[in-house]
Amino acid sequence: MLNRKFEAALRQLLAEAETPFYAYDLPAVLREAEAFQRAFPGVRLLYAVKANPRLFLLRTLRERGFFAETVSLGEVFRSYRAGFLPQEVVLNGPVKPPPVLRALKTAGVPRLVVDSRADLERIARELPGAQVLIRVNPDLPVSTHPHLATGKGESQFGVLPKEVPALARLARERGLELLGLHLHLGSALDRPEDFEAGYRVLEELLDELGRQPVVDLGGGFGLDLDLAALSPRVARVRQRTGEVWLEPGRRLVARAGVLATRVWGEKRTRRRYLLLDAGMSQFLRPALYGARPPVLPLYEAAETGVFDLAGPACESADVLARDVRLPVPKEGDALLILEAGAYGASMANRYLDTPRPAEYLWDGARWHLLRPREGYPELFEGERS
Ligand SMILES: Cc1ncc(COP(=O)(O)O)c(C=O)c1O
């Protein structure tokens, strides 16, 4: 459900802004941020920048006490640009090559999550004395899409629990400052039980290693997860450690964002399609994860039909939603793809020389243009020969 005022503001914006574009409801982001702060008092919240990296959002969340969770040098630079200090940024990710580590030496060394023995050795060599957490691969299945199940033993992330104590010893031997343990179970987890087994793995490791300054429990909070129901469990982990950190991404911004698009045609093959000016270049999650976002038509018609919504790419995966009942549109009618505020614009790409779409933010009273739509000349800039 969209906030009524946001929807009214969007209808006005659509009168002047060319589709496709992303639009964000800032009050909705702030409500979610407060919901996390209420549900997890005393817990340090790190915003997973990848969910939506716009500087405006980063600055706003930092002002409210959030730190930043990053997985690339670009995201670290972006976080610094938004005002985060190095000690407020955590750099995660399975591969941190030497040039990345050397660039951090110059830019400011964030906290780092060690993802393997080789990663540890390299960090110790390039960034002596850095503060690190060890990422635990809890070796657990979780009930989500296979691409989102980062905590299963087959994934490339982290080290298996039995290898953690040796890595912790090695971190100290190499002169790194061991802050504690890190865990990320997966994304879009909607049941408190999904977190239980992972937390137990961490607690068993704490039994073995002793109290750690920090335990980072990662992100993955599904849009329908009851935060209050998870809260006591997180509080129990907190009794076992100095600080608990959480890394919400999607939950903070997904429902606050929409992708606005227009219908430019209808056709029937063996299925009935609406043809949109937005697709997998603007919003990759349906093609990548089989996500099926809700759709809100901003037009009315007496007749309805059941449609698949196809984008402009010449790819059979370029379908944003299937089997959606909608009023039958006229050419140019506008639709909103909902729950597009997370992993929408951040995954938008230039495939097929498609300019990335504009992004607007509504602050409750007026619109801010966060980023204009890319121009065509920008697509060719930097190409040498
Ligand atoms: C290490 C880590 N932390 C946090 C997140 C954020 O997850 P979500 O957006 O599902 O909350 C991710 C997502 O991939 C991640 O890999």
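Put simply, of Ala23, Ala33, Ala28, Ala9 the only residue that is within 14 Å of Arg255 (Cβ to Cβ) and in contact with a Phe, Trp or Tyr (Cβ under 6 Å, 6 or more places away or on another chain) is Ala23.
Does the range 328-340 contain any residue that is within 16 Å of the ligand (Cβ to nearest atom) and either in contact (Cβ under 8 Å) with a residue 40 or more places away in the chain or closer than 18 Å to Tyr289 by Cβ (or both)?
Filtering the range 328-340 for residues within 16 Å of the ligand (Cβ to nearest atom) gives 339-340.
After this cut, where a residue has to be either in contact (Cβ under 8 Å) with a residue 40 or more places away in the chain or closer than 18 Å to Tyr289 by Cβ (or both) as well, the list is 339-340.
Yes.
Screening Leu57, Leu10, Leu14, Leu61 for residues that are buried (at least 19 other Cβ atoms within 10 Å of the Cβ), in contact (Cβ under 8 Å) with a residue 40 or more places away in the chain, in the same structural domain as Thr261 (by TED's automatic domain parsing) and outside any strand (DSSP E or B) leaves exactly one candidate, Leu10.
Any residue at all in the range 292-303 that is within 16 Å of the ligand (Cβ to nearest atom), without any contact (Cβ under 8 Å) to a residue 60 or more places away in the chain and not assigned by TED's automatic domain parsing to the domain that holds Val49?
Within the range 292-303, the subset within 16 Å of the ligand (Cβ to nearest atom) is 293.
Narrowing further to those that are without any contact (Cβ under 8 Å) to a residue 60 or more places away in the chain: 293.
Restricting the remaining residues to those that are not assigned by TED's automatic domain parsing to the domain that holds Val49 gives 293.
For the range 292-303, residues within 16 Å of the ligand (Cβ to nearest atom), without any contact (Cβ under 8 Å) to a residue 60 or more places away in the chain and not assigned by TED's automatic domain parsing to the domain that holds Val49: present.
Ala35: of a type outside the set (Val, Ile, Thr), in the same structural domain as Ser346 (by TED's automatic domain parsing) and surrounded by fewer than 19 Cβ atoms within 10 Å (Cβ to Cβ), yes or no? In short, no.
A Cβ distance below 8 Å, combined with a sequence gap of six or more or placement on separate chains, defines the contacts here; from the range 206-230, residues that are more than 16 Å from the ligand (Cβ to nearest atom) reach residues that are of a type in the set (Asp, Glu) in the pairs Pro213/Glu243.
Filtering the range 164-185 to residues that are more than 16 Å from the ligand (Cβ to nearest atom), in contact with a helix residue (DSSP H, G or I) (Cβ under 8 Å, 6 or more places away or on another chain) and either hydroxyl-bearing (Ser, Thr, Tyr) or not in a strand (DSSP E or B) (or both) leaves Val164, Pro165, Leu167, Ala168, Leu170, Ala171, Arg174, Gly175, Leu176.
Of the listed requirements (1) of a type outside the set (Phe, Trp, Tyr); (2) within 15 Å of His182 (Cα to Cα); (3) within 13 Å of the ligand (Cβ to nearest atom), Ala197 misses just one: (3).
Applying the set (1) touching a strand residue (DSSP E or B) at 6+ places or on another chain (Cβ under 8 Å); (2) part of a loop (DSSP other than H, G, I, E, B); (3) closer than 17 Å to Tyr24 by Cα to Leu369 leaves exactly one unmet item: (2).
Condition check ((1) more than 28 Å from the chain's Cα centre (by Cα); (2) within 30 Å of Phe67 (Cα to Cα)) across all residues:
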site	(1), (2)
Val253	no, yes
Phe283	no, yes
Asp323	no, no
Val328	yes, no
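The values are calculated or read from the model by the stated rules, or taken from the named source; none is laboratory data. Computed from a predicted structure; not experimentally measured. A quick note on method: Cβ atoms are made from the backbone with ideal geometry, for glycine too, and the neighbour counts reach across all protein chains shown.
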